[in-house]
Amino acid sequence: MLTKNNFFVEVGSFQKSKEGMGSPGDVFYSSRTEDGQRTICILADGLGSGIKANVLATLTSTMAMNYIKSDIDVKRASEIIMATLPVCSFRKVGYSTFTIVDVNSEGRVRIIEYDNPCCLLLRNGSKVELERSSHKIDAGSAGERELKYASFNAVKGNKLFFCSDGVTQSGMGTQAMPLGWTSQGAEEYITTQLSRYESVSARKLARRIVERALKNDGNKAKDDISAAVISFRHPRRTLVITGPPYNQSNDGLLASKFEEFSGRKLICGGTTARIIARQTGRDVKIDLSWTDPYIPPASKMEGAELVTEGTVTLSRALELLKSRGEIEPPAKNPAEKLVEYLLESDSIHFIVGTKINEAHQDPNLPASLDIRRNMLREIVDTLNNKHLKSSTMELI
């Protein structure tokens with residue numbers, strides 16, 4: 001989401017399930033409202049671990065997302081959630097804690113916290129103390145519960161971090177960390193990371209935090225570990241060109257769009273790469289640094305960060321984007337590298353040539369059935385709706 005102050009709201013998260021559990025007991029949801037004016041993130045931590053915890057955390061995060069999107073008063077929404085959740089007969093507590101973050105297009109951020117570790121706001125690499133107010137709510141059979149509210153106006157360069165207690169309690173009981181990593185330990189680690197890697201993306205920072213917490217646990221998670229980061233920064237722009245133009249007379253236009261774009265540039269398709277190379281006087285050379293039996297090799301061309309084959313690579317990239325979207329670094333083939341570039345970008349513009357490739361499509365079929373065009377529409381939708389990017393598509 002691009003705010004009216006012209007900075008992008010980037011959301012990144014990463015999770016590890018408790019050792020031996022197939023399902024995570026933490027659930028993270030992020031979504032934009034239909035009008036594109038708000039970004040909402042919810043992290044719920046179900047009591048315990050495994051399937052039961054996952055179901056209850058999912059129930060919590062789903063209700064919270066629907067209520068916040070519908071502009072129901074946050075206090076009333078919290079009361080409904082708390083009253084709906086099952087209550088542990090022994091502990092007399094609801095079965096899920098949660099953190100809700102709501103960012104609007106003005107850069108105003110609202111935070112609601114219930115029993116999760118407190119959010120951490122960093123500005124210019126230093127912690128900013130958030131003023132929190134506490135409110136008592138009626139949680140039905142669970143009795144009275146306390147929620148914490150905070151709000152602030154984000155500025156470019158801010159990073160907001162929140163997590164489940166699997167992060168702050170990692171390493172608990174060890175000689176080095178008898179009380180666990182603690183919020184202070186996590187804060188010191190994050191501050192150090194930002195001092196070393198100021199431009200690190202939200203998703204990479206979230207991953208590093210979880211991997212460090214996992215290391216605290218001896219690489220066997222003692223609890224579900226989840227971290228989320230919201231970064232407010234200048235948008236990283238990427239151009240993806242794929243497919244030759246419908247009319248050959250537009251080859252020069254395609255090349256000029258490539259040359260004039262300011263940002264990262266990717267090309268998907270051998271014919272597309274040859275057109276741009278011919279028009280700009282560059283060479284295209286096969287890159288055999290990746291060998292994969294299912295994904296064609298990439299190529300190299302001056303001015304482009306990545307040059308790949310077209311339909312097969314894009315198809316695999318779409319599969320990866322539809323799944324969790326996480327690539328275990330380093331990327332093992334051109335499709336994974338393409339996904340890595342896309343997820344590290346904020347504003348992505350696709351230029352799609354509409355000439356039908358006879359190798360993949362019967363030219364007698366209607367243009368609406370063109371494989372590449374439909375695939376790119378699906379990629380754009382997945383980037384925007386699942387990964388909260390700002391993606392657009394232009395046909396040529």
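The values are calculated or read from the model by the stated rules, or taken from the named source; none is laboratory data. The model shown is predicted, which means the values in this text are computed figures rather than measured ones. In this analysis, Cβ positions are derived from the backbone assuming ideal geometry, glycine residues included, and neighbour counts consider all displayed protein chains. The accessibility values were calculated without ligands, DNA or RNA, using every heavy atom of the protein model including side chains. Shrake-Rupley method; radii C 1.70, N 1.55, O 1.52, S 1.80 Å.
Numerical summary
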quantity	calculated
Criterion: modelled with pLDDT under 95, part of a helix (DSSP H, G or I) and open to solvent by less than 80 Å² (accessible area, probe 1.4 Å) - qualifying residue of Leu205, Leu194	Leu194
Exclusive hit being out of contact with any Pro (no Cβ under 8 Å at 6 or more places or on another chain), in a helix (DSSP H, G or I) and either free of Cβ contacts under 8 Å to residues at least 24 places away in the same chain or not small (Gly, Ala, Ser) (or both), set Glu326, Glu305, Glu336	Glu336
Count of residues meeting criterion [out of contact with any strand residue (DSSP E or B) (no Cβ under 7 Å at 6 or more places or on another chain), farther than 21 Å from Ser13 by Cβ and open to solvent by 30 Å² or more (accessible area, probe 1.4 Å)] in region 369-396	4
Search result, residues across region 217-246 that are assigned to a loop (DSSP other than H, G, I, E, B), in contact (Cβ under 8 Å) with a residue 60 or more places away in the chain and open to solvent by 60 Å² or more (accessible area, probe 1.4 Å)	Lys220, Lys222, His234, Arg236, Tyr246
Hey, Gly36 open to solvent by 60 Å² or more (accessible area, probe 1.4 Å), on the phi > 0 side of the Ramachandran plot and of a type in the set (Gly, Ala, Ser) or not	no
Subset tally (residues that are open to solvent by less than 50 Å² (accessible area, probe 1.4 Å) and either under 17 Å from Thr313 (Cβ atoms) or not polar (S, T, N, Q) (or both)) for region 253-289	17
